Amino acid sequence: MKDPSLRRSVTLFRAFLREQQEPERCYSLLARDAADQVEAYGGRVADRVVVDVGGGGGYFTQEFRRRGAQAFLFEPDLAELGAAGQKPPDGAVVADGYLLPLGDGVADVAFSSNVLEHVCDPQTFLSELVRVTRPGGLIYVSFTNWLSPWGGHEWAPWHYLGADRARLRYEKRTGRPAKHTLGENLFAHHVGHTLRQVRARDDVRVVAARSRYWPFLAGAVTKVPGVREFATWNLLLILRRYP
Ligand SMILES: C[S@@+](CC[C@H](N)C(=O)[O-])C[C@H]1O[C@@H](n2cnc3c(N)ncnc32)[C@H](O)[C@@H]1O
């Protein structure tokens, strides 16, 4: 895939900065962008089966459907399904990504955006995505790694000084309980370790490993040990089910 434009990155970043005020706009934009990425690697999704695992309120599922896919949302958290008061997509299934209620190889595309950092055992989670993908099918996984400037989520960038301190600081400053607690619903996953684990698997081929949002050097940045932990921001893995 060609490196995307600077304009695209700036637009996404601006939308992200206003995520709290305009969630609909932010997630619709992100969903269109992610669907473009899927199509850039896997071809058009029209008439394909796409499973969106940990899809939250369903913006991505809706976008895949708009493009003609048979897309299905699997989300374990009822609160996320109805987030921002929106109606979840028809047929949304309350299910955990570790144990999907799907047969082997039913999906042309298994899609998971920003979920991996919220699961304790990413390799088992990934295995389940691989299991439900047909041989030759595509697996799209992206996540914010721990040492990313956004690794601490709502308490970033103070996570660099320690998760507990950052969390307490957030709660004191906002007067609200933090959504995430390290080791409970947010986990410190790293780019290098994840790449080594994925490359060691014999059930997938790595088609691309790149920064999801960077406009340039998106692939190169993930190749430099150390630097990649800070500079990648969000690791996008495009995998092909093998054999
Ligand atoms: C940051 S949200 C991402 C939502 C959406 N995919 C996106 O990119 O905007 C993380 C989502 O992962 C879900 N999640 C956490 N643990 C999960 C698991 N074991 N299986 C599937 N989804 C999970 C959460 O419920 C939440 O909806």
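The values are calculated or read from the model by the stated rules, or taken from the named source; none is laboratory data. Just so we're clear, the structure is a prediction, and the values are computed from it rather than from any experiment. A quick note on method: Cβ atoms are made from the backbone with ideal geometry, for glycine too, and the neighbour counts reach across all protein chains shown.
From the list ALA209, ALA178, the lone residue that is touching a Phe, Trp or Tyr at 6+ places or on another chain (Cβ under 6 Å), surrounded by 15 or more Cβ atoms within 10 Å (Cβ to Cβ) and either of a type outside the set (Ser, Thr, Tyr) or part of a helix (DSSP H, G or I) (or both) is ALA178. Elements of the type strands (runs of 3 or more DSSP E) sitting completely within region 1-117 and holding at least 2 residues that are within 15 Å of the chain's Cα centre (by Cα) and under 22 Å from GLY151 (Cα atoms): these cover 107-113. In region 156-172, what residues are more than 14 Å from the ligand (Cβ to nearest atom) and under 21 Å from LEU17 (Cβ atoms)? PRO157, TRP158, HIS159, TYR160, ALA166, ARG169, TYR170 - these are the residues of region 156-172 that are more than 14 Å from the ligand (Cβ to nearest atom) and under 21 Å from LEU17 (Cβ atoms). Scanning region 170-194 for residues that are of a type outside the set (A, V, I, L, M, F, W, C) and either within 12 Å of GLU117 (Cα to Cα) or modelled with pLDDT under 95 (or both) yields a total of 8.
The test for being basic (Lys, Arg), at pLDDT 95 or above and surrounded by 19 or more Cβ atoms within 10 Å (Cβ to Cβ) does not hold for ARG44.
Remark: ALA208 matches the filter, which requires a residue to be more than 23 Å from CYS120 (Cβ to Cβ), in contact with a strand residue (DSSP E or B) (Cβ under 8 Å, 6 or more places away or on another chain) and not hydroxyl-bearing (Ser, Thr, Tyr). In summary, TRP146 fulfils each of the numbered conditions (1) part of a loop (DSSP other than H, G, I, E, B); (2) without any contact (Cβ under 8 Å) to a residue 12 or more places away in the chain; (3) not hydroxyl-bearing (Ser, Thr, Tyr) with the single exception of condition (2).
Could you tell me how many of the residues in region 184-206 are in a loop (DSSP other than H, G, I, E, B) and within 29 Å of ALA163 (Cα to Cα)? So the count comes out to 6.
When ALA200 is tested against the conditions (1) over 21 Å from ILE139 (Cβ atoms); (2) aliphatic (A, V, I, L, M); (3) loosely packed, with under 14 Cβ neighbours inside 10 Å, the lone failure is (1). Would you check if SER127 is within 16 Å of the chain's Cα centre (by Cα) and surrounded by 16 or more Cβ atoms within 10 Å (Cβ to Cβ)? Criteria not met by SER127.
Within region 52-103, the only residue that satisfies the criterion of being away from the ligand (no atom under 11 Å from the Cβ), in contact (Cβ under 8 Å) with a residue 60 or more places away in the chain and surrounded by 15 or more Cβ atoms within 10 Å (Cβ to Cβ) is GLN86.
Any chance region 157-169 includes a residue that's of a type in the set (A, V, I, L, M, F, W, C), outside any loop (DSSP other than H, G, I, E, B) and either assigned by TED's automatic domain parsing to the domain that holds ASP47 or under 15 Å from HIS118 (Cβ atoms) (or both)? Checked against the condition, which is being of a type in the set (A, V, I, L, M, F, W, C), outside any loop (DSSP other than H, G, I, E, B) and either assigned by TED's automatic domain parsing to the domain that holds ASP47 or under 15 Å from HIS118 (Cβ atoms) (or both), region 157-169 yields at least one hit. When residues in region 222-237 are screened for being buried (at least 20 other Cβ atoms within 10 Å of the Cβ), in a helix (DSSP H, G or I) and not charged (D, E, K, R), 1 of them pass. Would you mention how many residues in region 1-10 are modelled with pLDDT of 90 or more, out of contact with any Asp or Glu (no Cβ under 9 Å at 6 or more places or on another chain) and not small (Gly, Ala, Ser)? Of the residues in region 1-10, 3 are modelled with pLDDT of 90 or more, out of contact with any Asp or Glu (no Cβ under 9 Å at 6 or more places or on another chain) and not small (Gly, Ala, Ser). Take the conditions among the aliphatic types (A, V, I, L, M), within 9 Å of the ligand (Cβ to nearest atom), under 27 Å from TYR213 (Cα atoms) and crowded, with 21+ Cβ neighbours inside 10 Å and apply them to VAL141. Does it pass? It is false that VAL141 is among the aliphatic types (A, V, I, L, M), within 9 Å of the ligand (Cβ to nearest atom), under 27 Å from TYR213 (Cα atoms) and crowded, with 21+ Cβ neighbours inside 10 Å. Every residue in region 113-132 that is hydroxyl-bearing (Ser, Thr, Tyr) and near the ligand (Cβ under 10 Å from one of its atoms), please. Listed by number, the residues that qualify are SER113, THR124.
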